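One structure below.
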Amino acid sequence: MISHQPWYHGNITRSTAEDLLSTAGKDGSFLLRDSESIQGAYALCVLYQNCVYTYRILPNEEKKLSVQASEGVPIRFFSALPDLVEAYYKENMGLVTHLQYPVQKEEEPEEEPEPVSLPPQLPPRNFTPNECKDFQSDMSRGTERGMELTRPSISDTYIQRLQQMDISNLSVDHQKSIQEYFRSSLCLDAEQVQNGNPTLPNFKKLTLSICKNLNSEIARTIPSLEALQRVLDQPLSPGSGRLRSQVSGDSMNQSVAFRLEQLTELIYSVEEKTKNAVFEFVGYDGGHRKSLIPPVTFEVKSESIGISNKMFLKVDMEGGKVYFKKSKDGPEDKYYVHNKILQLVKLKKMQNRLVLVVETEKEKTQRKDFVFNDTKKREGFCQLLQQMKNKHSGKPEPDMITIFVGTWNMGIMIECLKQHGTSHCSSDLLKICVKMGASWLAQDRRHAGNASPPHNITSWFQSKGQGKTHDDTANQIPHDIYVIGTQEDPLGEKEWIDNVRGALRNITNISFKHIATQTLWSIRIVVLAKPEHENRISHVFSGSVKTGIANALGNKGAVGVSFMFNGTSFGFVNSHLTSGSEKKLRRNQNYISILRFLNLGDKKLNPFDITHSFTHLFWLGDLNYRVDLPSQEAENIVMKIKQQQYQDLLARDQLNMEREEEKVFLDYEEEEITFAPTYRFERDTREKYAYTKAKATGTKYNLPSWCDRVLRKSYPMVHAVCNSYGCTNDIMTSDHSPVFATFDVGVSSQFVSKSDLSKDAQGAIKFMNCVAVLFTKSKTKFFIEYHSSCLEKFVKSPEGDNQENTEGSIKVRFGGQVELTPIIADPEYLLDQHILICIKSTDCDESYGEGCVALRSAEYAYTEFSIKLTHHGERTGLLTGSIQLRTSEGKQTEKLYDFIKVGDDPAASKSKTGDNTKKPSSLATDISNPSYMGVGYKSNNQADKGTTNIMSPRTGSSSGHSVKDMTLGNLSPKKTGYDHSTSSPTGKASTPTTEDGRPPKMIDNPLYGSMSGSRGAKDHLHPPDSFPKTDLDVDWQPPVPTPRIRSFTCSETKPQSPSTTNRNNSSSGLQPQNITKKPVVPSRSEGGMIGPGRPPVPVKSRSGQSQEPQLKPRDYRDSSELPSKIRPPARPDQPKDVHHETPQPLKMGRPLK
């Protein structure tokens, strides 16, 4: 067989093959692997002069194999791979060199079976009938088998057990029946099985005799339930009559278990139909509950003229109003309707402080500043107002939904393995496991220990417990989608789904619709959605991957579900990875296998794994990564947990360390962990960790660890916010605690144009000057494939020009430009789309790296981008280039998720002020998924290709761990990291014009103006004077920030000391901003703030200048429109080229003369 050949390596990755050949180091070294692009094909990899050459081996219609070698060489066909390899040992066969040295396949260490996760053992052999039948012959031969497995020993064994039991409470008839069965009928049943009748007729007679009264009761009960069912059925159910006749006609011959199952199903059916009838009668439509979320009152403090006053804010969700009251029971005469509440601004420095921007008369705004009792109260208030906005928005389709993601290892225990040990886990057993694994799941319930779920699991779905949790005021708000992942689940699918739906119904009074379920042995994922979303969800796919022993058993692996929600794709993966603190590398391999072989999503995206296939991808489960400390530290670990010193332990968390080294979960995000380790507890308590386990080989340590995790990855510049991440305290039936996470995510609707598409100008997406650096030693040519749902089909670029680069990598230039034609040019549609990029080789059509570019990045101007490339979970290179977007006339509607922003403390910005007219502001920080593949953007003017904007890549781990900023420029000299509380793609800063209406040469502070215009005449920004060169190409300008995309700006500049800040504030209003230590002077658009002897100039444009309409959503965070701020005059003698540092956001522009 081919699998036994030393040179055949199976489905290893391309990069692994290159590493093996590089290690061999001899010209003529070779190996064969499976092709990544064509199923059933192979790839022949040959090393020559430190470069790897890859040749495809393709089968024809007759299954004959041939090598795609050099042109002009006759094609030869082979029946088997060994014959092909033997032939190419000869020279001049069309390869770069003949085959000489086969690279041996690496032997994988044998894995010990995990007794807790394996299916139960087969029954002991002494029950088989042939041994009873051959008893006499075995005894005459005196074999050991005959001595152990005889008919008298079976009967005697059970009779002895029966005699040792106290059966005095049993009836005399039952005692006689049981004794008679074990004396004479047991082996008669065994003989029946041997003869082909597996029904055990004598055992059935025994059960029918014992359950005679129960049968009578069932026969009397079922007709009553059927009558009740017929009353509830509208129209009459055709199946009920057949069921009744079946029960009554053959009642005494059916097994008791079957009839009890009928009874259970009828009870479930009657219960469901009764609820449906009651819901219909009261007019309940399954949507948002009507008058079931009562008004909620929050106690706050409000400052007025330096005096703190206690107030009460009452949120009436259903009425769409927020009442401002001086006392809890005071009059409700002062209130604001939902459409008059323009924005909520959460302050970063004070976690319990919130600013409400409300609209007063004549389109003027007023700022109201409140301090809540704690952060959770503020978050609860924000969630209620966001839901109120969503509910009363009047939009036909949502642009934001909330998702609950939960994972729980339910802790199934296989008692039979405890009794029999693991000595029977032979190769024969493994073969049986593969064949019968699914059927054994039915036996798991009999062997499960005390891991059945508790009666009440509502705290899990309400995000109650430890960590970042929901406030009680927001507990009853239902999420749009619930995704529940379980591992070691002892329940059947229907039973578990009913439990979950019942718990959600008790919380929300909504009957959630079942979308999908996928189960692999005891690993399961369930997706439920609100009834009103049922028609918005389509293209549902599910799949599973086994990563257990030899990748053949499903005790470890993953299950996944994907679907489309209107125009947005979602993917969910629930995985149970290899256990054991020392098996970190095996867990990494599990992750790569799941990435490669889990089949979900759009089948047209074949070159891309699930990492790039979805707008939002969530990965949950028992990942089994441990705290990597010596076992002697166990007591110290427990002490740190009691003191809530989690950061010291998280620094040694294997998953965090592997992510920092970019070995797994590249560019995923995880909310900061603020809860205790979820494994390994003693059952029925959360006060004690059971970190030792006695085994035959000695004591095994399972140190307390965060095994259960939730991570996510979204496309660049999409809205995604984590609102909670924690674990429960009161669900204690397993040695794991359930983990929950909730998210607000942006979604796009199925686009319906409001104009005539035939008359609209044709849109265009242009990619130019693309340069890729690929980490490979392959000697081949490359091209780029562009994929997107906004294109009719994918587009290929011309071949690139290879250039030498550092050892182990190659630089490829793709000259010219590639123009893509979108199916719809309307910006309302096009700016929500993304282009997936795949770099492929010409020799074997395999991918060498994939990435994603957001079209929103090119909304205003020619934009340069830089994206990191990955393939099968490995970093494979870097792609840079430029993109230009042409759309039709139109504008985007305001997004509901722009309602909540995150801003700086206004106390640090008292020097800023403005008028009362509504204008956008960018003081608050917005970040739209900056970690996606390290994607970065910079906007250029098409005329001179100057650089004015960047979204910097963010590397390293997620929030809660150290994050390195790589920004070359910034909007604010104050250092800011990624804030998970916000992520808005549309919260962009706007750029003002100068007094003469022309765009300024330098970057303007978006607090004091707006860059807006029609699609036909976009303004372009000019670059600063100079910037440092990039490592990729010395000819390229490095990216710098522009106020266009506020979400992608962060700072390298360290904040100043308070004394320096105060000194600067006292002498000048706004100082030039530092961009890579290059001074920038203010612009004239500052309204004459700087310049000797010049009075302040009004912000409004001069008379006669056209006022362009506002196209983007309004942003009121600490903006110039707030009347509470006063703009101070600038220092009159401020020099032009003096570097200043200040913690305030700065304006830049053309210097005054």
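Descriptive notes on the structure:
- Relative contact order of the range 545-591, taken over Cα pairs closer than 8 Å and 6 or more residues apart, is 28 percent.
- Only the Cβ atoms of Lys and Arg (+1) and of Asp and Glu (-1) were treated as charged; on that basis the dipole of the range 656-695 about its Cα centre amounts to roughly 660 debye.
- Counting only protein heavy atoms and using a 1.4 Å probe, the accessible area of D19 comes to about 100 Å².
- 10 Å beta-carbon shell around G726, net charge (K/R +1, D/E -1): +1
- Taking all protein chains together, S888, S70 sort by accessible area into S70, S888, largest first [probe 1.4 Å].
- Around the amide H of S778, modelled in the peptide plane, lie the amide H atoms of V52, all under 5 Å away and 5 or more residues distant in sequence or on another chain.
- Taking a ≥ b ≥ c as the square roots of the Cα gyration tensor eigenvalues, the range 642-784 comes out oblate, since a/c reaches at least 1.5 and a/b does not exceed b/c.
- Overall form of the range 761-829 per C-alpha gyration tensor (a/c, 1.5; a/b vs b/c): prolate
- Unsatisfied cross-links (Cα-Cα over 22 Å) in the set K663/K868; K26/K663; K321/K895: K26/K663
- About its Cα centre, the dipole of the range 808-908 is roughly 320 debye, where the only charges are +1 on Lys and Arg Cβ and -1 on Asp and Glu Cβ.
- Shape class for the range 538-647: prolate, because the ratio a/c of the largest to smallest gyration tensor axis (alpha-carbon atoms, square roots of eigenvalues) is 1.5 or more and a/b beats b/c.
- Across the protein chains, with a 1.4 Å probe defining accessible surface, the residues R652, R220, R712 rank R220, R652, R712 from largest area downward.
- The trypsin sites (Lys or Arg not before Pro) of the range 16-90 meeting both criteria, a DSSP state outside H, G, I, E and B (loop) and at most 10 other C-beta atoms within 10 angstrom of the site's C-beta, are K63, K90.
- When only alpha carbons are used to place a centre, the range 306-383 and the range 657-697 end up 40 Å from one another.
- When F565, F182 are compared by accessible area at a 1.4 angstrom probe, the order from most to least is F182, F565.
- Long pairs among K314/K377; K713/K777; K346/K713; K105/K556; K349/K377; K334/K362, criterion Cα-Cα beyond 22 Å: K713/K777; K346/K713; K105/K556
- A simple charge model with +1 on the Cβ of Lys and Arg, -1 on the Cβ of Asp and Glu and nothing else charged puts the dipole of the range 842-884 at about 280 debye relative to its Cα centre.
The values are calculated or read from the model by the stated rules, or taken from the named source; none is laboratory data. Remember, predicted model here, so these are calculated numbers, not experimental data. Neighbour counts are summed over all protein chains in view; Cβ atoms, including those assigned to glycine, are modelled from backbone coordinates with ideal geometry. Areas reflect the complete protein model, heavy atoms only, side chains present, ligands, DNA and RNA absent. Shrake-Rupley method; radii C 1.70, N 1.55, O 1.52, S 1.80 Å.
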